[in-house]
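Participant: Once you've had a glance at the structure underneath, I'll fire off some questions.
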Amino acid sequence: MASSNFKDHLGRPIVAVTGMGIITSLGQGLSDNWAALTSGKSGIHKITRFPTDNLSTKICGTVDFIDIPVPNSVERSFAFARETTIEALAQAGLSGDFNGPLFLAAPPIEPEWSARFELADRSPPAAKPGDAYDRFMAALRQRPDPAFQEAALFGAISERLSDQFGTRGLPVTLSTACASGATAIQLGVEAIRQGRTDRALTVATDGSVSAEALIRFSLLSALSTQNDPPEKASKPFSKDRDGFVIAEGAATLVLESLEAAVARGAKVLGIIKGAGEKADSFHRTRSSPDGGPAIATIRAALADAGFSESDIGYVNAHGTSTPENDKMEYSSMLAVFGEGLKAIPVSSNKSMIGHTLTAAGAVEAVFSLQTMLTGTLPPTINYTNPDPTIALDVVPNVKRDAEVSAVLSNSFGFGGQNASLVMTREPA
C-alpha cells in the first residue's frame, strides 16, 4: 500500500517524470534545444526537401539531420522517436527492457507521392474504370515492397519502438491532431493512476512534412506566407501574424509513479499533476470562436490537479500564430484566469520551432518542465507588433529568469481535439 506521501488529492498515485528526450528543428537533444530556445534562436528555414515553385509557403521547420533508410514520413517519425527515447531512458537511468506500456502519438499515414507514382508505373494496365486498387495490389503481389508496406501501416512505428525498447503489452498508437502529444502523456498518467503499471513510456513524433501536407494546410489558409526571412514568419499573438509554420520534431517522457521512482533512487524532474481534455464539435478544423471547449479543457486540467487559477505561474501556450486560434486561446485563458492573467507570463515555443503538429504537446511539455527546472522562461520571439486585442505578457523576444513551481501547457488541435496539462516542479 502506497504511503500518503505518494498519493495526490484524490488518493491516486502521483506521477513523476524521470526522463526526457527531444528533437526539433533547433537540434537534437535537450541541452542543445534548450540553449537555442532560451537564446531566442529560430529553427525555421527554407524548404529544401521538395520543390516549392508556385507554392505560397516556402518555409518550414523540418528536421533534416537524422539519417533514415527510406525518405518517407514513417521512417522519419520512427527515427525521431527512437532517438528521443534513447535520450529519455538514459536520463532516467533505465536500461534493458522497459517493461511498461508504450503510448505513441504519431501522424496519419500518407505514402509519399514518389512511392505512389512508382507503384502506378509498375501496375498492370487498367482493365476497367475504377480498378486502381486491384491494379496496385496485383503489382505488390508480383513484387513485394517491404518499405512501401511499412509506410502504409499506422501501427508500424509503435511496433518497432516496442521491439527495440522492450515495452509491455500492446503498444498504443493515437492521433488526435495537434493535441496528440499531450493525449499520449495523459494516457500514460492514467495507466499509472489506475494501478495498471508503475511506469509508462510516452512518445510523440512527427516527420510528416511533405509537399502534399504543405498544400493541404495551404488550402486551409492555415500557413504563414511571410517567407522572407523565414525565421521571422512565426509570430504568435502579434497583430501581423498570418498563420503557423509547419514543422517536425519528437519528444519522449518517461513516466513513473513517484513511489517507484523514489524507491529506485531516480531523479524526479517534475510531476504531471493534472490533465484535461474536451471535444469540440464546432467545425472539422476551426476551434469554436467562443472558446467554450478550450475553457472547459483548462478548467478540467486544473480540477484534475486540485489547483486553483492562482496556483499557475506560467503558461506554455498553444500559440500557433494563426489569427483565429491565438485569439481563441487568449479569450479562453481570460475566461479562466480573469484579471489574474495579466500577471501570468504566457509564451509560445512555436515562435522558434514552428508547429510540430502531432509532437507539439509532448515537445512543449518537455520545455515546460525544463522551464521549472532551470528557472528560465523561454521568450516569444518576433513580437514587435503587439495585437492590442490580446493583452498578454508573452515574455517578448528575450528570455526571463523566474522561479516557477506550476505550469499549464495548452494543446488545441484540428477536429476539436483539446488537451491541457498541469505540471509542477515537485509534489505539493
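The values are calculated or read from the model by the stated rules, or taken from the named source; none is laboratory data. What you see is a predicted model; the values in this text were computed from it and never measured. Ideal geometry is used to build each Cβ from the backbone, glycine not excepted, and the neighbour counts take in all protein chains shown. Calculation scope for accessible area: heavy atoms of the full protein, side chains included, ligands and nucleic acids excluded. Shrake-Rupley method; radii C 1.70, N 1.55, O 1.52, S 1.80 Å.
Participant: Here's a check for you: in region 48-79, which residue that is of a type in the set (Ser, Thr, Tyr) and farther than 16 Å from THR205 by Cα is least open to solvent (accessible area, probe 1.4 Å)?
Facilitator: Step one: list which residues in region 48-79 are of a type in the set (Ser, Thr, Tyr), which gives 48, 52, 56-57, 62, 73, 77.
Applying the additional criterion that residues be farther than 16 Å from THR205 by Cα yields 48, 52, 56-57.
Working: THR48: 115, THR52: 23, SER56: 77, THR57: 5 Å².
Checking each candidate, the answer is THR57.
Participant: Just for region 306-330: of the residues that are surrounded by fewer than 17 Cβ atoms within 10 Å (Cβ to Cβ) and closer than 20 Å to SER234 by Cα, which one is modelled with the highest pLDDT?
Facilitator: If we take residues in region 306-330 being surrounded by fewer than 17 Cβ atoms within 10 Å (Cβ to Cβ) and closer than 20 Å to SER234 by Cα, then PRO323 is modelled with the highest pLDDT.
Participant: Those residues that are among the acidic types (Asp, Glu) and either open to solvent by 10 Å² or more (accessible area, probe 1.4 Å) or at pLDDT below 95 (or both), I need them from region 352-396; list them, please. Steps first, please.
Facilitator: In the first step, residues of region 352-396 are kept if they are among the acidic types (Asp, Glu); the result is 364, 387, 393.
Across region 352-396, the qualifying residues are ASP387, ASP393.
Participant: Note down all Cβ pairs under 6 Å where the first residue falls in region 51-77 and is in a strand (DSSP E or B), the second is small (Gly, Ala, Ser), and they're at least six residues apart or on different chains.
Facilitator: ILE59/ALA233; GLY61/SER25; GLY61/GLY43; GLY61/ALA247; GLY61/GLY354
Participant: Is at least one residue of region 280-297 on the phi > 0 side of the Ramachandran plot, small (Gly, Ala, Ser), open to solvent by less than 10 Å² (accessible area, probe 1.4 Å) and part of a strand (DSSP E or B)? Outline the logic, then answer.
Facilitator: Let us first name the residues in region 280-297 that are on the phi > 0 side of the Ramachandran plot, namely 291.
With the extra rule that they be small (Gly, Ala, Ser), the set shrinks to 291.
Right, trim to open to solvent by less than 10 Å² (accessible area, probe 1.4 Å) and you get 291.
Applying the additional criterion that residues be part of a strand (DSSP E or B) yields none.
Within region 280-297, none of the residues are on the phi > 0 side of the Ramachandran plot, small (Gly, Ala, Ser), open to solvent by less than 10 Å² (accessible area, probe 1.4 Å) and part of a strand (DSSP E or B).
Participant: Given the criterion at pLDDT 95 or above, surrounded by 18 or more Cβ atoms within 10 Å (Cβ to Cβ), of a type in the set (Ser, Thr, Tyr) and closer than 30 Å to ASN418 by Cα, identify the matching residue among THR176, THR183.
Facilitator: On the way: THR176 fails: at pLDDT 95 or above.
Among THR176, THR183, only THR183 is at pLDDT 95 or above, surrounded by 18 or more Cβ atoms within 10 Å (Cβ to Cβ), of a type in the set (Ser, Thr, Tyr) and closer than 30 Å to ASN418 by Cα.
Participant: Continuing with the same structure: Are any of the residues in region 236-246 open to solvent by less than 60 Å² (accessible area, probe 1.4 Å), under 30 Å from LEU119 (Cα atoms) and either assigned to a loop (DSSP other than H, G, I, E, B) or in contact (Cβ under 8 Å) with a residue 60 or more places away in the chain (or both)?
Facilitator: Within region 236-246, one or more residues are open to solvent by less than 60 Å² (accessible area, probe 1.4 Å), under 30 Å from LEU119 (Cα atoms) and either assigned to a loop (DSSP other than H, G, I, E, B) or in contact (Cβ under 8 Å) with a residue 60 or more places away in the chain (or both).
Participant: If you don't mind, another one. Could you tell me whether region 23-35 includes any residue that is outside any loop (DSSP other than H, G, I, E, B) and at positive phi? Show your work before the answer.
Facilitator: We begin by selecting, within region 23-35, every residue outside any loop (DSSP other than H, G, I, E, B); these are 23-24, 27-28, 30-35.
Now drop any that are not at positive phi, which leaves 27.
Yes, region 23-35 contains a residue that is outside any loop (DSSP other than H, G, I, E, B) and at positive phi.
Participant: Is region 387-404 home to any residue that is in a helix (DSSP H, G or I), of a type outside the set (S, T, N, Q) and more than 17 Å from the chain's Cα centre (by Cα)? Spell out how you get there, then give the answer.
Facilitator: Initially, region 387-404 is screened for residues in a helix (DSSP H, G or I), giving none.
For region 387-404, residues in a helix (DSSP H, G or I), of a type outside the set (S, T, N, Q) and more than 17 Å from the chain's Cα centre (by Cα): absent.
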